[in-house]
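A quick write-up on the structure given underneath.
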Amino acid sequence: MNQAQFESVYNEYKNLVYNVCLHYVLNKEDAQDVAQEVFVKIYHNISQYNPEAASLKTWIYRISINQSLDFLKSKKAKKRFGFLTSLFHPESDELIKDVAKVSHPGVTLEDKESLEELLVIIQALPENQKTAIILSKIEDRPQKEVAEIMNISVKAVESLLQRAKKIIEEKLRERKGI
């Protein structure tokens, strides 16, 4: 892939990649970092792209999703390792009581707390359910396209969405004490 071809791919897909990453990592700076990693992977692995297996858009979606999930896994691993030390302020050894907040640019509505709550619940879903919800409901992709991106059947997507919706509804009821 030459420079002009890469720039063309970048210009066409930069918003798609950034938005997918943002829906997973919920933080603008992290999404920019992950998106940059996605384009590095695209550049280095374009020779492995098989147009007969999937469209370029689908291939880029898959890389974006996998890179975002890898980022979240690595972040979780770091959290687990640093969990004991991060419970206390380094200077005073006092317990930290601050709750992490979601830093998603779309969370600027009057009902910010409810939206943050929903995004946190979505983040806690199993990876495949989270991917189905993000692609279908947030990215507004048709189920057929979601199935192609996830490399599963449309029926499997429907099932993932139903299970995810059920979990989300249960978690929202639990939080509201219903």
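Values quoted throughout were computed directly from the atomic coordinates according to the rules given, and no laboratory measurement underlies them. Owing to the predicted nature of the structure, the values given are computational and were not obtained by experimental measurement. Virtual Cβ from ideal backbone geometry, glycine too; neighbours counted across all protein chains shown.
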So for LYS75, LYS130, LYS155, fewest C-beta neighbours within 10 Å to most, what's the order?
LYS155, LYS75, LYS130
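List HIS23, HIS44 from most exposed to least, where exposure is judged by having the fewest other Cβ atoms within 10 Å. Show your work: numbers first, answer last.
Working: HIS23 25, HIS44 10.
Listing HIS23, HIS44 from fewest to most nearby Cβ atoms yields HIS44, HIS23.
Ranked from highest to lowest mean number of other Cβ atoms within 10 Å per residue, what is the order of the peptides 25-33, 4-12, 64-72?
64-72, 25-33, 4-12
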Once you've got the Cα coordinates, tell me which of LYS130/LYS166; LYS73/LYS130; LYS28/LYS165; LYS14/LYS57; LYS28/LYS75; LYS14/LYS130 are over 18 Å apart.
LYS28/LYS165; LYS14/LYS130
Using +1 on the beta carbon of Lys and Arg, -1 on that of Asp and Glu, and nothing else charged, what's the dipole of the stretch 119-178 about the Cα centre, debye to 20?
280 debye
